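Written below as structure tokens is the structure these notes are about.
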Amino acid sequence: MSTPSIAPPQRDPADVAPADSYQKADPVWVYRDGWRAGVIEAASPRAVTVTYRPGSHRGTGVDTFTASHVTSRADEDPTLDRGDTNKLATRKPRIGHDGAFAMGGPTP
């Protein structure tokens, strides 16, 4: 499914999934000044917490949305979609031109 084309007030209530039907890491669209790609962080009977892309840049935001402002997403988003949500994110330090780590000291 591509980006939804109707705003939340125009959605048929029968097409709106309950907020607690979503699971952590589910890919979704959220409505915030237009439909934005997002990923569920948590869900309750009343709302979901979503990490989403608020604009065209690679940054993300986290917000809470009611069910009418959320729908499932099939399109992949390389910034948000991770294969293993329980995997620890790691960052490799930069190595300078002299072979030293950017944090200082020689390379191991």
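Just so you know, all these numbers are worked out from the coordinates, no wet-lab data involved. As the structure is a prediction and not an experimental result, all values here were calculated from the model. Reconstructed Cβ throughout: ideal geometry from the backbone, glycine too, with neighbour counts over all protein chains shown.
Please go through region 1-22 and give me each residue that is in contact with a helix residue (DSSP H, G or I) (Cβ under 7 Å, 6 or more places away or on another chain) and either assigned to a helix (DSSP H, G or I) or within 20 Å of D33 (Cα to Cα) (or both), ordered by number.
P8, R11, V16, A19, listed by residue number.
Find all pairs meeting these conditions: Cβ atoms under 9 angstrom apart; at least six residues apart or on different chains; first residue within region 6-29 and touching a residue at least 60 places away in the same chain (Cβ under 8 Å); second residue among the polar types (S, T, N, Q) and part of a loop (DSSP other than H, G, I, E, B).
Filtered contacts from region 6-29: K24/T85; A25/T85.
Within region 1-31, take every residue that is acidic (D, E) and within 19 Å of the chain's Cα centre (by Cα) and give me the one that is farthest from L80 (Cα to Cα).
D20
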